[in-house]
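A.B. asks: I have a structure I would like to understand better, so I am pasting it below and will then ask my questions one at a time.
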Amino acid sequence: MGRTSYGTQSDDEVTPSAKGSGMPFFSMGLGAVILMGAGVGYLSVHDTGSNLRAGSSITEEAQTAQTSAASLATTLDTDDADYFTCPPGDYLGHTDADKAVQKARLQKLQATLASYGYQKNSRESTTYQTRGYATYESQAWLKPEECSTLVDETWDATSNGYYQYKNDDVPDSVTKMVSSSFPFEFHLNWKVASTSFPGYLWCEYGTFTSVGTDTDVSSGYSTVAAVRNPVKRFLSAMGEELERSVNYYCPSGYCTFDNDYWQGDTTLDKYTHQTTWFKYVSDSHETGVDMSLLPKIISAFVHDVKCNYYTYASEHFTTQADFVTQNSGEAADLDLVMQLEDVDSGFTELATLLGHTESGNCDLSDSNTADDKPGGIPSENEMMEVLSGDDDLMREICLMYAQDFICFDYDLPSACEGLF
(Lines give C-alpha, C1' and ligand atoms only; values in the text may rest on other atoms or scores of the structure.)
Protein backbone atom coordinates (compact mmCIF):
# COMPACT_ATOMS: atom_id res chain seq x y z
CA MET A 1 0.00 0.00 0.00
CA GLY A 2 1.35 3.44 -0.90
CA ARG A 3 1.40 6.60 1.13
CA THR A 4 -1.73 8.70 1.36
CA SER A 5 -1.60 12.48 1.17
CA TYR A 6 -4.14 14.62 2.99
CA GLY A 7 -4.67 16.65 -0.17
CA THR A 8 -3.30 19.84 -1.61
CA GLN A 9 -3.87 23.40 -0.57
CA SER A 10 -6.71 24.84 -2.65
CA ASP A 11 -7.38 28.55 -2.91
CA ASP A 12 -11.11 28.10 -3.37
CA GLU A 13 -11.36 26.31 -0.04
CA VAL A 14 -10.09 29.24 1.98
CA THR A 15 -10.69 32.30 -0.16
CA PRO A 16 -13.74 34.48 0.58
CA SER A 17 -15.25 36.47 -2.26
CA ALA A 18 -16.64 39.55 -0.51
CA LYS A 19 -14.66 42.28 1.26
CA GLY A 20 -15.62 43.52 4.72
CA SER A 21 -14.62 46.78 6.35
CA GLY A 22 -13.72 45.91 9.92
CA MET A 23 -9.95 46.45 9.64
CA PRO A 24 -7.71 49.38 8.65
CA PHE A 25 -7.34 50.08 4.95
CA PHE A 26 -4.48 48.41 3.10
CA SER A 27 -3.20 49.54 -0.29
CA MET A 28 -1.74 46.96 -2.64
CA GLY A 29 1.14 47.58 -5.00
CA LEU A 30 2.69 45.25 -7.53
CA GLY A 31 4.72 42.65 -5.63
CA ALA A 32 4.44 44.58 -2.37
CA VAL A 33 2.15 45.46 0.47
CA ILE A 34 2.11 48.98 1.89
CA LEU A 35 0.35 49.31 5.22
CA MET A 36 -1.53 52.60 5.35
CA GLY A 37 -4.16 52.36 8.08
CA ALA A 38 -1.74 51.83 10.95
CA GLY A 39 0.40 54.84 10.16
CA VAL A 40 3.43 52.78 9.19
CA GLY A 41 4.82 51.57 5.88
CA TYR A 42 6.21 48.12 5.21
CA LEU A 43 7.38 46.37 2.08
CA SER A 44 6.73 42.66 2.42
CA VAL A 45 7.01 39.47 0.46
CA HIS A 46 4.03 39.46 -1.89
CA ASP A 47 1.30 38.18 0.42
CA THR A 48 2.12 34.51 0.11
CA GLY A 49 4.55 31.83 1.07
CA SER A 50 5.21 30.98 -2.56
CA ASN A 51 8.15 33.37 -2.87
CA LEU A 52 9.85 31.80 0.13
CA ARG A 53 9.16 28.26 -1.06
CA ALA A 54 10.62 29.10 -4.44
CA GLY A 55 13.85 30.26 -2.77
CA SER A 56 13.63 33.65 -4.51
CA SER A 57 16.39 36.20 -4.11
CA ILE A 58 15.14 38.98 -1.84
CA THR A 59 18.39 40.48 -0.59
CA GLU A 60 17.29 44.08 -1.19
CA GLU A 61 13.97 43.41 0.49
CA ALA A 62 15.74 41.77 3.42
CA GLN A 63 17.88 44.87 3.86
CA THR A 64 14.73 46.98 3.87
CA ALA A 65 13.20 44.61 6.39
CA GLN A 66 16.23 44.75 8.67
CA THR A 67 16.22 48.56 8.59
CA SER A 68 12.50 48.56 9.35
CA ALA A 69 12.99 46.11 12.22
CA ALA A 70 15.73 48.25 13.75
CA SER A 71 13.41 51.25 13.84
CA LEU A 72 10.80 49.36 15.85
CA ALA A 73 12.57 49.99 19.14
CA THR A 74 10.55 53.20 19.51
CA THR A 75 7.27 51.40 18.75
CA LEU A 76 7.55 48.09 20.57
CA ASP A 77 8.65 47.28 24.10
CA THR A 78 12.41 47.06 23.57
CA ASP A 79 12.54 44.07 25.92
CA ASP A 80 10.19 42.13 23.63
CA ALA A 81 11.01 43.25 20.08
CA ASP A 82 13.57 40.53 19.31
CA TYR A 83 11.18 37.79 20.43
CA PHE A 84 8.89 38.40 17.45
CA THR A 85 10.52 35.93 15.11
CA CYS A 86 10.00 32.43 13.72
CA PRO A 87 10.98 29.20 15.47
CA PRO A 88 14.71 28.69 14.86
CA GLY A 89 16.20 26.35 12.29
CA ASP A 90 16.77 25.80 8.59
CA TYR A 91 13.49 24.46 7.21
CA LEU A 92 11.20 24.94 4.20
CA GLY A 93 14.16 26.27 2.23
CA HIS A 94 14.30 29.59 4.08
CA THR A 95 17.45 31.63 3.50
CA ASP A 96 18.87 34.20 5.93
CA ALA A 97 17.24 36.86 3.77
CA ASP A 98 13.88 35.09 4.02
CA LYS A 99 14.21 34.92 7.79
CA ALA A 100 14.97 38.64 7.99
CA VAL A 101 11.79 39.41 6.06
CA GLN A 102 9.75 37.06 8.23
CA LYS A 103 11.05 38.67 11.42
CA ALA A 104 10.36 42.17 10.15
CA ARG A 105 6.81 41.19 9.18
CA LEU A 106 6.16 39.78 12.65
CA GLN A 107 7.60 42.85 14.33
CA LYS A 108 5.66 45.22 12.11
CA LEU A 109 2.52 43.24 12.88
CA GLN A 110 2.96 44.16 16.54
CA ALA A 111 3.15 47.82 15.60
CA THR A 112 -0.08 47.36 13.66
CA LEU A 113 -1.77 45.71 16.64
CA ALA A 114 -0.59 48.56 18.85
CA SER A 115 -2.27 50.97 16.43
CA TYR A 116 -5.54 49.09 17.07
CA GLY A 117 -5.12 49.85 20.79
CA TYR A 118 -4.10 46.26 21.60
CA GLN A 119 -2.07 45.72 24.77
CA LYS A 120 0.03 43.20 26.66
CA ASN A 121 -1.91 41.04 29.08
CA SER A 122 0.12 40.64 32.27
CA ARG A 123 -1.96 37.57 33.21
CA GLU A 124 -0.50 35.54 30.34
CA SER A 125 2.64 33.43 30.45
CA THR A 126 6.26 34.28 29.67
CA THR A 127 7.83 31.03 28.48
CA TYR A 128 8.97 32.95 25.39
CA GLN A 129 11.66 34.70 27.41
CA THR A 130 13.44 31.38 27.93
CA ARG A 131 12.51 29.76 24.63
CA GLY A 132 13.75 32.72 22.59
CA TYR A 133 10.67 33.58 20.52
CA ALA A 134 7.12 34.70 21.28
CA THR A 135 3.89 33.21 19.98
CA TYR A 136 0.29 34.40 20.01
CA GLU A 137 -0.14 32.85 23.45
CA SER A 138 2.72 34.90 24.93
CA GLN A 139 2.23 37.83 27.27
CA ALA A 140 4.25 39.94 24.84
CA TRP A 141 1.81 39.40 21.95
CA LEU A 142 -0.58 42.34 21.88
CA LYS A 143 -4.31 41.63 22.20
CA PRO A 144 -7.52 43.63 22.74
CA GLU A 145 -7.75 45.25 26.17
CA GLU A 146 -10.99 43.37 26.86
CA CYS A 147 -9.05 40.10 26.83
CA SER A 148 -7.44 40.97 30.17
CA THR A 149 -10.85 40.24 31.71
CA LEU A 150 -12.05 36.64 31.84
CA VAL A 151 -15.53 35.52 30.81
CA ASP A 152 -16.56 35.02 34.47
CA GLU A 153 -14.15 36.61 36.93
CA THR A 154 -16.31 35.71 39.94
CA TRP A 155 -16.34 32.01 39.07
CA ASP A 156 -12.62 32.11 38.33
CA ALA A 157 -11.86 33.60 41.75
CA THR A 158 -13.88 30.99 43.63
CA SER A 159 -13.87 27.82 41.53
CA ASN A 160 -11.03 27.74 39.02
CA GLY A 161 -7.89 26.01 40.23
CA TYR A 162 -6.25 25.75 36.84
CA TYR A 163 -5.21 27.95 33.90
CA GLN A 164 -6.91 31.21 32.95
CA TYR A 165 -5.13 31.60 29.61
CA LYS A 166 -3.40 29.09 27.35
CA ASN A 167 0.33 28.84 28.00
CA ASP A 168 2.85 30.00 25.41
CA ASP A 169 4.25 26.49 25.31
CA VAL A 170 3.39 23.07 23.99
CA PRO A 171 0.50 21.63 26.08
CA ASP A 172 1.45 19.70 29.22
CA SER A 173 0.04 16.36 28.06
CA VAL A 174 2.00 16.20 24.78
CA THR A 175 4.89 13.77 24.43
CA LYS A 176 7.39 13.68 21.61
CA MET A 177 8.49 10.63 19.65
CA VAL A 178 12.20 9.76 19.74
CA SER A 179 13.34 7.13 17.27
CA SER A 180 15.22 4.12 18.60
CA SER A 181 16.87 3.31 15.25
CA PHE A 182 17.36 6.65 13.50
CA PRO A 183 18.77 9.93 14.86
CA PHE A 184 15.62 12.04 14.91
CA GLU A 185 12.65 13.00 17.03
CA PHE A 186 9.16 13.85 15.78
CA HIS A 187 7.09 16.60 17.37
CA LEU A 188 3.36 15.89 17.25
CA ASN A 189 1.16 18.89 16.52
CA TRP A 190 -2.50 18.65 17.51
CA LYS A 191 -4.98 18.87 14.61
CA VAL A 192 -2.16 18.03 12.19
CA ALA A 193 -2.77 14.28 11.88
CA SER A 194 -1.32 13.79 15.36
CA THR A 195 -3.21 10.50 15.76
CA SER A 196 -2.06 9.31 12.33
CA PHE A 197 1.64 10.16 12.16
CA PRO A 198 2.65 7.59 14.83
CA GLY A 199 1.30 4.72 12.72
CA TYR A 200 3.29 5.80 9.68
CA LEU A 201 6.46 6.41 11.68
CA TRP A 202 6.26 3.06 13.48
CA CYS A 203 5.74 1.29 10.16
CA GLU A 204 8.57 3.08 8.31
CA TYR A 205 11.14 3.66 11.07
CA GLY A 206 10.49 1.05 13.75
CA THR A 207 10.19 1.69 17.46
CA PHE A 208 10.01 5.06 19.17
CA THR A 209 10.18 6.17 22.77
CA SER A 210 7.68 8.72 24.06
CA VAL A 211 9.34 11.31 26.25
CA GLY A 212 8.26 14.58 27.83
CA THR A 213 8.50 17.76 25.81
CA ASP A 214 10.86 19.23 28.40
CA THR A 215 13.47 16.64 27.38
CA ASP A 216 16.51 18.05 25.59
CA VAL A 217 17.21 17.01 22.02
CA SER A 218 19.97 14.39 22.00
CA SER A 219 23.26 15.36 20.40
CA GLY A 220 23.30 14.53 16.69
CA TYR A 221 19.52 14.12 16.52
CA SER A 222 17.35 16.00 14.01
CA THR A 223 14.04 17.59 14.97
CA VAL A 224 11.04 17.07 12.69
CA ALA A 225 7.49 18.47 12.81
CA ALA A 226 4.42 18.78 10.59
CA VAL A 227 2.18 21.80 10.02
CA ARG A 228 -1.14 22.51 8.32
CA ASN A 229 -3.02 25.39 6.71
CA PRO A 230 -3.90 27.60 9.73
CA VAL A 231 -7.51 28.28 8.73
CA LYS A 232 -8.29 24.61 8.18
CA ARG A 233 -6.57 23.72 11.42
CA PHE A 234 -8.69 26.30 13.28
CA LEU A 235 -11.87 24.75 11.88
CA SER A 236 -10.65 21.28 12.77
CA ALA A 237 -10.03 22.47 16.34
CA MET A 238 -13.55 23.90 16.43
CA GLY A 239 -14.89 20.53 15.37
CA GLU A 240 -12.84 18.86 18.10
CA GLU A 241 -14.28 21.14 20.80
CA LEU A 242 -17.83 20.68 19.52
CA GLU A 243 -17.45 16.88 19.44
CA ARG A 244 -16.37 16.94 23.07
CA SER A 245 -18.86 19.52 24.35
CA VAL A 246 -21.91 18.32 22.40
CA ASN A 247 -21.32 14.59 21.88
CA TYR A 248 -18.88 13.97 24.74
CA TYR A 249 -16.77 12.24 22.11
CA CYS A 250 -12.97 12.25 21.90
CA PRO A 251 -10.52 10.85 19.30
CA SER A 252 -10.31 7.49 21.10
CA GLY A 253 -14.09 7.17 21.57
CA TYR A 254 -16.47 8.55 24.16
CA CYS A 255 -14.53 10.81 26.48
CA THR A 256 -13.26 9.41 29.76
CA PHE A 257 -11.23 10.85 32.59
CA ASP A 258 -8.41 8.33 32.21
CA ASN A 259 -7.87 8.97 28.50
CA ASP A 260 -9.11 12.51 28.02
CA TYR A 261 -9.36 14.21 31.46
CA TRP A 262 -13.10 14.43 30.88
CA GLN A 263 -15.06 15.11 34.08
CA GLY A 264 -18.65 15.10 32.83
CA ASP A 265 -20.77 17.86 34.36
CA THR A 266 -17.68 19.46 35.88
CA THR A 267 -16.18 19.91 32.41
CA LEU A 268 -19.47 21.25 31.05
CA ASP A 269 -19.59 23.73 33.94
CA LYS A 270 -16.10 24.93 33.01
CA TYR A 271 -17.26 25.52 29.45
CA THR A 272 -20.14 27.62 30.84
CA HIS A 273 -17.87 29.92 32.82
CA GLN A 274 -14.75 30.00 30.63
CA THR A 275 -16.18 30.47 27.13
CA THR A 276 -18.59 32.67 25.21
CA TRP A 277 -19.52 29.94 22.69
CA PHE A 278 -20.84 27.14 24.89
CA LYS A 279 -24.15 28.89 25.57
CA TYR A 280 -25.05 28.33 21.93
CA VAL A 281 -24.60 24.54 22.14
CA SER A 282 -25.21 23.74 25.82
CA ASP A 283 -28.58 22.09 25.08
CA SER A 284 -27.46 20.31 21.89
CA HIS A 285 -26.46 16.90 23.26
CA GLU A 286 -29.75 15.22 22.29
CA THR A 287 -30.71 17.32 19.26
CA GLY A 288 -27.40 18.34 17.67
CA VAL A 289 -26.16 21.85 17.00
CA ASP A 290 -28.72 24.37 15.78
CA MET A 291 -27.22 25.27 12.41
CA SER A 292 -29.00 28.63 12.34
CA LEU A 293 -26.69 29.63 15.21
CA LEU A 294 -23.51 28.60 13.39
CA PRO A 295 -22.41 32.18 12.53
CA LYS A 296 -22.72 33.14 16.21
CA ILE A 297 -20.88 29.99 17.30
CA ILE A 298 -17.97 30.65 14.96
CA SER A 299 -17.82 34.32 15.99
CA ALA A 300 -17.73 33.33 19.66
CA PHE A 301 -14.96 30.78 19.05
CA VAL A 302 -12.93 33.42 17.23
CA HIS A 303 -13.45 35.83 20.13
CA ASP A 304 -12.27 33.31 22.72
CA VAL A 305 -9.21 32.23 20.75
CA LYS A 306 -8.39 35.88 20.07
CA CYS A 307 -8.40 36.45 23.83
CA ASN A 308 -6.39 33.25 24.39
CA TYR A 309 -8.90 32.05 27.00
CA TYR A 310 -8.24 28.63 28.44
CA THR A 311 -10.89 25.95 28.78
CA TYR A 312 -11.00 22.18 28.49
CA ALA A 313 -9.29 21.05 25.23
CA SER A 314 -8.67 24.64 24.12
CA GLU A 315 -5.02 23.74 23.49
CA HIS A 316 -6.15 22.41 20.12
CA PHE A 317 -6.21 26.07 19.07
CA THR A 318 -2.65 26.71 20.30
CA THR A 319 -0.49 28.07 17.49
CA GLN A 320 1.68 25.65 15.56
CA ALA A 321 4.71 27.80 16.33
CA ASP A 322 4.23 26.64 19.94
CA PHE A 323 3.88 22.97 19.07
CA VAL A 324 6.98 22.64 16.90
CA THR A 325 9.39 23.39 19.77
CA GLN A 326 9.51 20.56 22.28
CA ASN A 327 12.46 20.96 24.63
CA SER A 328 13.17 22.91 27.78
CA GLY A 329 15.19 26.12 27.78
CA GLU A 330 16.15 27.80 24.54
CA ALA A 331 14.38 26.37 21.51
CA ALA A 332 16.38 23.79 19.59
CA ASP A 333 16.66 24.30 15.84
CA LEU A 334 14.10 22.61 13.63
CA ASP A 335 15.65 20.57 10.85
CA LEU A 336 12.55 19.60 8.88
CA VAL A 337 9.02 20.97 8.75
CA MET A 338 6.64 19.13 6.45
CA GLN A 339 3.35 20.57 5.27
CA LEU A 340 0.43 18.19 5.65
CA GLU A 341 -0.92 19.26 2.25
CA ASP A 342 2.23 17.85 0.62
CA VAL A 343 3.06 15.15 3.12
CA ASP A 344 4.46 12.69 0.56
CA SER A 345 7.18 15.18 -0.34
CA GLY A 346 7.80 15.66 3.35
CA PHE A 347 8.23 11.93 3.86
CA THR A 348 10.72 11.81 1.01
CA GLU A 349 12.64 14.72 2.50
CA LEU A 350 12.69 12.97 5.89
CA ALA A 351 14.07 9.78 4.35
CA THR A 352 16.76 11.80 2.56
CA LEU A 353 17.68 13.57 5.80
CA LEU A 354 18.12 10.22 7.54
CA GLY A 355 19.82 8.39 4.67
CA HIS A 356 16.90 5.99 4.56
CA THR A 357 15.26 4.30 1.58
CA GLU A 358 11.48 4.46 1.81
CA SER A 359 9.79 1.05 1.92
CA GLY A 360 6.69 2.11 -0.02
CA ASN A 361 4.63 -0.05 2.33
CA CYS A 362 3.57 2.57 4.89
CA ASP A 363 0.90 5.25 4.65
CA LEU A 364 -0.66 8.03 6.68
CA SER A 365 -4.19 6.86 7.36
CA ASP A 366 -6.61 9.40 8.82
CA SER A 367 -7.71 7.88 12.12
CA ASN A 368 -9.83 10.79 13.35
CA THR A 369 -12.49 11.30 10.68
CA ALA A 370 -16.11 12.43 10.88
CA ASP A 371 -17.18 8.93 9.79
CA ASP A 372 -16.07 7.62 13.16
CA LYS A 373 -18.14 10.10 15.19
CA PRO A 374 -21.75 10.44 16.36
CA GLY A 375 -22.75 13.44 14.20
CA GLY A 376 -24.90 16.40 15.10
CA ILE A 377 -22.18 19.01 14.67
CA PRO A 378 -21.32 21.13 11.63
CA SER A 379 -18.79 19.80 9.16
CA GLU A 380 -15.62 21.70 8.33
CA ASN A 381 -17.09 22.53 4.92
CA GLU A 382 -20.20 24.01 6.53
CA MET A 383 -18.06 26.07 8.90
CA MET A 384 -15.85 27.21 6.03
CA GLU A 385 -18.89 28.34 4.06
CA VAL A 386 -19.93 30.62 6.94
CA LEU A 387 -16.40 31.88 7.49
CA SER A 388 -15.87 32.55 3.79
CA GLY A 389 -18.82 34.92 3.84
CA ASP A 390 -17.45 37.00 6.71
CA ASP A 391 -14.23 38.81 5.81
CA ASP A 392 -13.90 40.40 9.24
CA LEU A 393 -13.89 37.01 10.98
CA MET A 394 -11.44 35.64 8.43
CA ARG A 395 -9.09 38.53 9.11
CA GLU A 396 -9.33 37.93 12.85
CA ILE A 397 -8.21 34.33 12.29
CA CYS A 398 -5.35 35.49 10.08
CA LEU A 399 -4.18 37.89 12.79
CA MET A 400 -4.29 35.15 15.43
CA TYR A 401 -2.31 32.74 13.28
CA ALA A 402 -0.11 35.28 11.48
CA GLN A 403 3.05 33.60 12.74
CA ASP A 404 1.96 30.24 11.36
CA PHE A 405 1.15 31.79 7.98
CA ILE A 406 4.47 33.66 7.84
CA CYS A 407 6.85 31.05 9.24
CA PHE A 408 5.39 27.97 7.58
CA ASP A 409 4.76 29.42 4.10
CA TYR A 410 0.98 29.37 3.86
CA ASP A 411 -0.83 31.63 1.42
CA LEU A 412 -3.25 34.11 2.98
CA PRO A 413 -6.96 33.98 2.15
CA SER A 414 -7.90 36.86 -0.13
CA ALA A 415 -9.69 38.65 2.73
CA CYS A 416 -6.36 38.84 4.55
CA GLU A 417 -4.12 39.98 1.71
CA GLY A 418 -2.05 42.96 2.83
CA LEU A 419 -2.95 42.48 6.47
CA PHE A 420 0.66 41.73 7.46
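The values are calculated or read from the model by the stated rules, or taken from the named source; none is laboratory data. A quick note: this is a predicted structure, and the numbers were derived from the prediction, not measured. Here the Cβ is made from the backbone with ideal geometry for all residues, glycine too, and neighbour counts use every protein chain on show. Heads up: the accessible areas ignore ligands, DNA and RNA and are worked out on the full protein's heavy atoms, side chains in. Shrake-Rupley method; radii C 1.70, N 1.55, O 1.52, S 1.80 Å.
A.B. asks: For Lys143, all conditions in the list (1) over 29 Å from Leu350 (Cα atoms); (2) open to solvent by 20 Å² or more (accessible area, probe 1.4 Å) hold save one; what is the number of the exception?
C.D. replies: Status for Lys143: all satisfied but (2).
A.B. asks: Please state which one of Asn308, Asn259 is touching a strand residue (DSSP E or B) at 6+ places or on another chain (Cβ under 8 Å) and exposed (fewer than 15 other Cβ atoms within 10 Å of the Cβ).
C.D. replies: Asn259
A.B. asks: Right, another one. Return the only residue of Tyr200, Tyr221, Tyr205, Tyr249 being within 30 Å of Leu350 (Cα to Cα), touching a Pro at 6+ places or on another chain (Cβ under 6 Å) and among the aromatic types (Phe, Trp, Tyr).
C.D. replies: The conditions single out Tyr221.
A.B. asks: Right, next: Going through Thr135, Thr149, Thr112 one at a time, which residue ends up being surrounded by fewer than 20 Cβ atoms within 10 Å (Cβ to Cβ) and not small (Gly, Ala, Ser)?
C.D. replies: Thr149
A.B. asks: On to the next question. Could we say that Asp344 is open to solvent by 10 Å² or more (accessible area, probe 1.4 Å) and among the charged types (D, E, K, R) here?
C.D. replies: On the way: open to solvent by 10 Å² or more (accessible area, probe 1.4 Å): yes; among the charged types (D, E, K, R): yes.
So Asp344 passes the test.
A.B. asks: Select from segment 311-326 the residues that are open to solvent by less than 20 Å² (accessible area, probe 1.4 Å) and outside any helix (DSSP H, G or I) and list them in ascending order.
C.D. replies: Of everything in segment 311-326, those that are open to solvent by less than 20 Å² (accessible area, probe 1.4 Å) and outside any helix (DSSP H, G or I) turn out to be Thr311, Ala313, Thr318, Thr319, Val324, Thr325, Gln326.
A.B. asks: Looking only at segment 240-256, count how many residues are open to solvent by 10 Å² or more (accessible area, probe 1.4 Å), within 18 Å of Lys191 (Cβ to Cβ), hydroxyl-bearing (Ser, Thr, Tyr) and at pLDDT 95 or above.
C.D. replies: Summing the residues that are open to solvent by 10 Å² or more (accessible area, probe 1.4 Å), within 18 Å of Lys191 (Cβ to Cβ), hydroxyl-bearing (Ser, Thr, Tyr) and at pLDDT 95 or above in segment 240-256 gives 1.
A.B. asks: Next up: Does segment 347-363 include one or more residues that are closer than 21 Å to Ser236 by Cβ and under 21 Å from the mean Cα position of the chain (by Cα)?
C.D. replies: No, segment 347-363 contains no residue that is closer than 21 Å to Ser236 by Cβ and under 21 Å from the mean Cα position of the chain (by Cα).
A.B. asks: Here's another thing I want to ask about it. Given the residues Thr266, Thr276, which is the only one that is on the phi < 0 side of the Ramachandran plot, open to solvent by 10 Å² or more (accessible area, probe 1.4 Å) and within 24 Å of the chain's Cα centre (by Cα)?
C.D. replies: Thr276
A.B. asks: Let me ask another. Just to check your reading of the model, which residue among Gln129, Gln110, Gln102 is part of a helix (DSSP H, G or I), over 19 Å from the mean Cα position of the chain (by Cα) and either at pLDDT 95 or above or closer than 12 Å to Ala402 by Cα (or both)?
C.D. replies: Only one candidate passes the filter, namely Gln129.
A.B. asks: Then there's this: Counting only residues that are assigned to a loop (DSSP other than H, G, I, E, B) and either crowded, with 19+ Cβ neighbours inside 10 Å or touching a residue at least 40 places away in the same chain (Cβ under 8 Å) (or both), how many does segment 195-218 have?
C.D. replies: So the count comes out to 8.
A.B. asks: Based on this model, can you work out whether Glu153 counts as within 22 Å of Gln320 (Cα to Cα) and either over 20 Å from the mean Cα position of the chain (by Cα) or in contact (Cβ under 8 Å) with a residue 24 or more places away in the chain (or both)?
C.D. replies: No.
A.B. asks: I need a count of the residues in segment 252-286 that are under 27 Å from Met394 (Cβ atoms), assigned to a loop (DSSP other than H, G, I, E, B) and of a type outside the set (A, V, I, L, M, F, W, C).
C.D. replies: So the answer is 4.
A.B. asks: Can you tell me which residues in segment 181-215 are touching a helix residue (DSSP H, G or I) at 6+ places or on another chain (Cβ under 9 Å) and more than 25 Å from Cys250 (Cβ to Cβ)?
C.D. replies: Scanning segment 181-215 gives Ser181, Phe182, Pro183, Phe184, Glu204, Tyr205.
A.B. asks: Something else: How many residues are at pLDDT 95 or above and surrounded by 14 or more Cβ atoms within 10 Å (Cβ to Cβ) if we restrict to segment 357-375?
C.D. replies: Within segment 357-375, residues that are at pLDDT 95 or above and surrounded by 14 or more Cβ atoms within 10 Å (Cβ to Cβ) number 2.
A.B. asks: Quick check: is even one residue across segment 157-170 polar (S, T, N, Q), farther than 14 Å from Thr85 by Cα and open to solvent by less than 40 Å² (accessible area, probe 1.4 Å)?
C.D. replies: Yes: one or more hits.
A.B. asks: So which residues in segment 219-239 are surrounded by fewer than 22 Cβ atoms within 10 Å (Cβ to Cβ) and either at pLDDT below 95 or over 16 Å from Ala193 (Cα atoms) (or both)?
C.D. replies: Ser219, Gly220, Tyr221, Ser222
A.B. asks: Kindly establish whether Phe182 is farther than 29 Å from Leu294 by Cβ, of a type in the set (Phe, Trp, Tyr) and either free of Cβ contacts under 8 Å to residues at least 40 places away in the same chain or open to solvent by 10 Å² or more (accessible area, probe 1.4 Å) (or both).
C.D. replies: yes
A.B. asks: Considering only residues that are open to solvent by 10 Å² or more (accessible area, probe 1.4 Å) and farther than 16 Å from Lys108 by Cβ, look in segment 396-415 and name the one that is farthest from the chain's Cα centre (by Cα).
C.D. replies: Ranking the qualifying residues of segment 396-415, first place goes to Ser414.
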